[in-house]
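The values are calculated or read from the model by the stated rules, or taken from the named source; none is laboratory data. Since the structure is predicted, the reported quantities are computational estimates derived from the model, not experimental observations. Here the Cβ positions follow ideal geometry from the backbone for every residue, glycine too, while neighbour counts run over all protein chains shown. Accessible surface areas use protein heavy atoms only, side chains included; no ligands, DNA or RNA. Shrake-Rupley method; radii C 1.70, N 1.55, O 1.52, S 1.80 Å.
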Amino acid sequence: GSRIRSVHDLARPGVRFIHRQHAGGKEEESLAAAVAADRADAGFGLRADATRFSLAFVPLAVERYFLACQKSACRSAALQTLLDVLNSSEFAAQVAQLPGYDASHAGQRHALDAALTWVEKAPAARPR
């Protein structure tokens, strides 16, 4: 296959790029399997799946995920149980075994505007 070192290499003639396939919820695994079987040179997927198939991996971005809920839900027993798990050393140890994942901020609470720094704040309303 072609050597891919950056996203720019995807535009080279002859590079076979594959889009995510939806195969029973295992889209990245299907993509990694296609690259491993030499049916494609590259595709956007997860480090964990590339590692599973002994593929090279070129990181392009880091994504953060948030659980959004009403403030009133923060006091519920169910959410407290979830936060306890997310903050546990056992959870951190399990996630640390997954290539490409980082749970160092799991379970932390953030105000919405602090978490979503890329969202522009609405201008303050002028008094009439």
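Against the conditions (1) under 22 Å from TYR101 (Cα atoms); (2) open to solvent by less than 60 Å² (accessible area, probe 1.4 Å); (3) modelled with pLDDT of 90 or more, GLU28 satisfies every one except (3). Scanning segment 73-98 for residues that are in a loop (DSSP other than H, G, I, E, B) and either within 30 Å of LEU55 (Cβ to Cβ) or touching a residue at least 60 places away in the same chain (Cβ under 8 Å) (or both) yields GLN97, LEU98.
Among the conditions (1) assigned to a loop (DSSP other than H, G, I, E, B); (2) over 20 Å from the mean Cα position of the chain (by Cα); (3) surrounded by 13 or more Cβ atoms within 10 Å (Cβ to Cβ), the only one that TYR101 does not satisfy is (2). Counting residues in segment 106-115 that are part of a loop (DSSP other than H, G, I, E, B), open to solvent by 80 Å² or more (accessible area, probe 1.4 Å) and closer than 30 Å to THR51 by Cβ gives one or more.
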